[in-house]
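The values are calculated or read from the model by the stated rules, or taken from the named source; none is laboratory data. Every value quoted in this text rests on a predicted model; they were computed, and no experiment measured them. Backbone-built Cβ (ideal geometry, glycine too); neighbour counts: all protein chains shown. Keep in mind that these areas ignore ligands, DNA and RNA; they rest on the heavy atoms of the full protein, side chains included. Shrake-Rupley method; radii C 1.70, N 1.55, O 1.52, S 1.80 Å.
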Amino acid sequence: MSENDVARQHLAEWFRKWGGALRRHLAIRNRLSLSDVDDIAQEVFLRMLRYDRAELVLHPQAYLFKIAANVLAEWSARASWRAPHAPEWLTELIDERNPEDECSREDGQSDLRNAVEALPPRTREILRMHYEGGLTHEAIAQTLGITRRIVKRDLIRAYAVLRESLGLSAVPAARAQLRRDG
């Protein structure tokens, strides 16, 4: 058996024997969170693993606790270098969106997409050109090679079908838009 294997056996034995006591000591004495306790204890045993002269340690428990004190001191020093989190920052992290509203909005958008997809192809294209492209009735008519009157008629019919499909009694913004473009 190599020296490295012997050192690992010693370390495994020490871990079984004093690992729990080390964690309890760190948690109680220093009021650390459980995750910090585990991180520090792991660092202690990793340092012991790197130490290749474990046979020279006469009092392994005292040695482990001394390493733990050193790791804890380093841990505290690193923590003091970090910028502390001000409580005001936490309020900035709050998402103002309400999950129910978001789901409802997404459902509404999905319903609208489905209703638009159910329209005839030319009507869908007129809607797309008008809302996505920002084109006037005249520009849409010229692009599609149809009259301005057909564009207006198709938009009016599309609004009616969409209102019915979506269960809306009226869409004031759409009416106002038609009056402006008409």
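A compact table of results
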read-out	value
Counted residues, the range 105-150 - those being part of a helix (DSSP H, G or I) and surrounded by 15 or more Cβ atoms within 10 Å (Cβ to Cβ)	16
Pairs, first free of Cβ contacts under 8 Å to residues at least 40 places away in the same chain and under 21 Å from residue 161 (Cα atoms) in the range 119-139, second open to solvent by less than 30 Å² (accessible area, probe 1.4 Å) and among the acidic types (Asp, Glu), C-beta under 7 Å, six or more apart	122/154; 123/154; 126/154
Residue identified as open to solvent by 90 Å² or more (accessible area, probe 1.4 Å) and at pLDDT below 85 among 14, 81, 75, 18	81
Scope the range 28-45; condition open to solvent by less than 70 Å² (accessible area, probe 1.4 Å), among the aliphatic types (A, V, I, L, M) and either out of contact with any helix residue (DSSP H, G or I) (no Cβ under 7 Å at 6 or more places or on another chain) or at pLDDT 80 or above (or both); matching residues	37, 40, 41, 44
